[in-house]
Amino acid sequence: MNLLERLVLGVLVAVVIHSLVFRDGERPRRPAPEAFVPPRETPSALPPSVPAPGLALPAPSAADPIFRVKIDARRGAATGSAFSVDREGVWLTARHVVQDCAQVGLRGSRGWVRAAVAWIHPRADLAMLRTESGTAALPRSPEPLTLGVDGFGMGFPQGKPGAVHGRLMGRSQMQAEGRFNGRAPTLSWAEVQRQPDFDGSLGGISGGPMLDRSGRLIGVVVAESPRRGRFETIAPEVLDTVSIDKRPLPRVAAGAGAIAVPAEAFGRAADTLRSRLQIVQAVCTVK
């Protein structure tokens, strides 16, 4: 085969390949951009392992899961949260926030005001403070809790105003060790959302109230399990032991210091309660 024949054969091969790859003179086109949009997943109504709403919270049991919390010795000043339960200057907070402090203060509208530790629960992570004056109380809910119900923890996580939305998973028991020892019933909550959105620990919200959608007290935030996306509150049975001048914490159906807490704007409700000084920051100083 001479050179001319080789050139003709090469041209014919090229024409055949072109006709197979590009039909009707059009080049293959990339699919339209919208074809690459991934399908949207429908979010589940509840986080994994959270019971469906409506089932009654069972009674506390010695078989409830136990989680251990090491309460380290005081090394310096620390902050937490507290909230009003009586207009005459009575506040609740977590025991680990205020125990073994040289001085306890609450941040008021004109700065810090001194508070006295009036009572400490013998086993649970709960304490009562008193000041010379107070603000409107957050009343307790009179309704029994159900599994899967919404709750809103409010206070000062990481020392800044914040709130967390949780759904009730069930009962637990907190075993405190270290600076104080004791076991008491608690409730486990699956974290749903934070407002404002932030990462890291909820530390600093300890002692803050857990409220229902009507703004009534259903617990006190005392611990968290960040890796599991959970946090813990004092159980209702512990709140039953709290009395103010031999009177139990008041329970109301609505109003009387409570405000509605919508799930889509619970952070705004927390801001309102902080502005009213019904929820305040607590500080512990050591010698």
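The values are calculated or read from the model by the stated rules, or taken from the named source; none is laboratory data. For clarity, every value in this text was computed on a predicted model and none was experimentally measured. A quick note on method: Cβ atoms are made from the backbone with ideal geometry, for glycine too, and the neighbour counts reach across all protein chains shown.
Give me the residue from region 147-178 that is of a type in the set (D, E, K, R) and within 22 Å of T241 (Cα to Cα) and, out of that set, surrounded by the fewest Cβ atoms within 10 Å (Cβ to Cβ). If we take residues in region 147-178 being of a type in the set (D, E, K, R) and within 22 Å of T241 (Cα to Cα), then E177 is surrounded by the fewest Cβ atoms within 10 Å (Cβ to Cβ).
As a summary of the residue check, L273 satisfies the conditions (1) out of contact with any Pro (no Cβ under 9 Å at 6 or more places or on another chain); (2) closer than 15 Å to A136 by Cβ except for the one numbered (1).
Residues checked against (1) outside any loop (DSSP other than H, G, I, E, B); (2) of a type outside the set (G, A, S):
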| site | (1), (2) |
| --- | --- |
| A59 | no, no |
| A63 | no, no |
| R74 | no, yes |
| V97 | yes, yes |
| G105 | yes, no |
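Every condition in (1) in a strand (DSSP E or B); (2) at pLDDT 95 or above is met by V238 except one, and the failing one is (1).
Looking at region 209-235, which of the residues that are under 14 Å from the mean Cα position of the chain (by Cα) and hydroxyl-bearing (S, T, Y) is modelled with the highest pLDDT? The extreme case among them is T233.
A single entry from G89, G111 fulfils the requirement of being more than 24 Å from the chain's Cα centre (by Cα), more than 24 Å from D212 (Cβ to Cβ) and surrounded by 17 or more Cβ atoms within 10 Å (Cβ to Cβ): G89.
Against the conditions (1) farther than 18 Å from P122 by Cα; (2) buried (at least 24 other Cβ atoms within 10 Å of the Cβ), T186 satisfies every one except (1).
From the set of residues in region 268-287 that are of a type in the set (S, T, Y) and in a helix (DSSP H, G or I), which is surrounded by the most Cβ atoms within 10 Å (Cβ to Cβ)? Result: T272.
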